[in-house]
Structures are given as C-alpha cells and as structure tokens.
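Engineer: Can you keep this structure in mind? I'll have questions shortly.
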Amino acid sequence: MKKTVLAIIVILALALTACSNQSTTQDTNNPSRDNITILDEGVWPENEYTEGLAVPPGTVNWAILDTRQEYCGVNLIDLTDDEFNAYIGLLKENGFSVVEEVSEKIKDQNYVSIGTILSNGEKAISISYMPGNLGIYISFIT
C-alpha cells in the first residue's frame with residue numbers, strides 16, 4: 001500500500017512540475033475543483049502537512065492544498081543545484097530517508113530531472129527537481 005501511495009505521489013509530482021510554467025484557466029463550474037485550495041504565492045504554507053518540515057530555499061511560485069487527495073503541493077523557483085542538495089541533506093538530518101530516487105536526462109535539453117521520494121514513517125515527501133525549479137508534494141502515510 002505504501003509503495004502504491006508513493007508511486008502515485010511521484011507521478012503527480014512530475015506531472016504538476018511539468019505544468020508549473022504553463023498558464024492555465026480554471027473552470028469555476030467544475031465541482032471537482034472544490035477540494036483544491038490555492039495558497040498564497042510567495043509564502044511557504046504552514047499547515048498540518050508542512051508542520052515540522054524545514055523550509056526549502058527559493059521563492060514559492062505556487063502552493064495548493066488538495067483535501068480530496070490529501071496532500072499539499074508547493075512549487076519553488078530560483079534555487080541552485082547546491083541548495084537543492086543541501087535541502088535533501090537537511091531532510092535526511094531531520095529523520096527522512098530516501099525511499100526511491102530517479103533521474104532522467106530531458107531529451108534535447110542540457111539538464112537532468114531528479115525525482116526523490118522520502119519518508120519518515122509518518123509523512124511521504126515527493127520531490128521533483130529541475131535546475132531552478134523544485135516541486136514538493138507532502139502527504140501522510142496511512
């Protein structure tokens with residue numbers, strides 16, 4: 001069950017990060033959007049999902065809270081590879097361990113996308129990183 005939840009988080013993280021730089025329109029008549037709360041841009045969200053987590057470097061580009069899927073997603077921009085690596089190290093120091101890590105060279109691009117799933121037994125964190133762009137998705141392990 002835990003591996004299934006973590007796999008879903010990774011897929012969601014990669015999909016949302018890929019879309020983070022595209023403009024979208026929201027259909028206000030769509031009832032499936034009632035469970036999603038768009039949080040303040042530029043501010044690290046403080047909620048039950050982020051409680052106790054170190055705040056990563058960078059600027060919060062967007063953040064959402066999805067009550068139906070039960071996760072908090074945050075996209076940060078303006079961070080370096082060194083800052084990303086330091087943040088992963090900080091999470092490990094705070095009791096998280098890597099469950100899975102994948103990296104993929106993006107076709108026709110000069111960078112590698114990194115996906116990492118971490119867990120502390122209570123929370124799962126799916127992180128997707130491309131240079132300058134960090135997607136974090138936090139959920140509770142049930």
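Engineer: Classify the stretch 43-99: rounded, prolate or oblate, from the alpha-carbon gyration tensor (a ≥ b ≥ c, eigenvalue square roots; a/c under 1.5 rounded; otherwise prolate if a/b is larger than b/c)?
Structural biologist: The shape class here is oblate.
Engineer: Also, I was wondering about something else. Sort the stretch 71-142 into rounded, prolate or oblate with this rule: let a ≥ b ≥ c be the square roots of the eigenvalues of the Cα gyration tensor; rounded if a/c is under 1.5, and if a/c is not under 1.5, prolate when a/b is larger than b/c, oblate otherwise.
Structural biologist: Because a/c hits 1.5 or more and a/b exceeds b/c, the stretch 71-142 counts as prolate.
Engineer: For an R0 of 25 angstrom, estimate the FRET efficiency from the Cβ-Cβ distance between Glu48 and Ala86 and round to the nearest 0.05.
Structural biologist: 0.50
Engineer: Along the Cα→Cβ direction, 7 angstrom out, place labels at Asn94 and Asp40. What is the inter-label distance in nm?
Structural biologist: A separation of 1.9 nm, rounded to one decimal place.
Engineer: Contour minus end-to-end for Gln109 and Thr59, with contour as 0.36 nm per residue of separation and end-to-end as the Cα-Cα distance? The partial results should precede the final answer.
Structural biologist: Values: separation 50, 0.36 × 50 = 18.00 nm, distance 2.36 nm.
The span from Gln109 to Thr59 would gain 15.6 nm if fully extended.
Engineer: Moving on. How high is the relative contact order of the stretch 37-103, in percent, counting Cα pairs under 8 Å that sit 6 or more residues apart?
Structural biologist: 28
We did not get these values from a lab; they are worked out from the coordinates using the rules stated. Bear in mind that the values here come from a model prediction, so they are computed numbers and not experimental data. Neighbour counts are summed over all protein chains in view; Cβ atoms, including those assigned to glycine, are modelled from backbone coordinates with ideal geometry.
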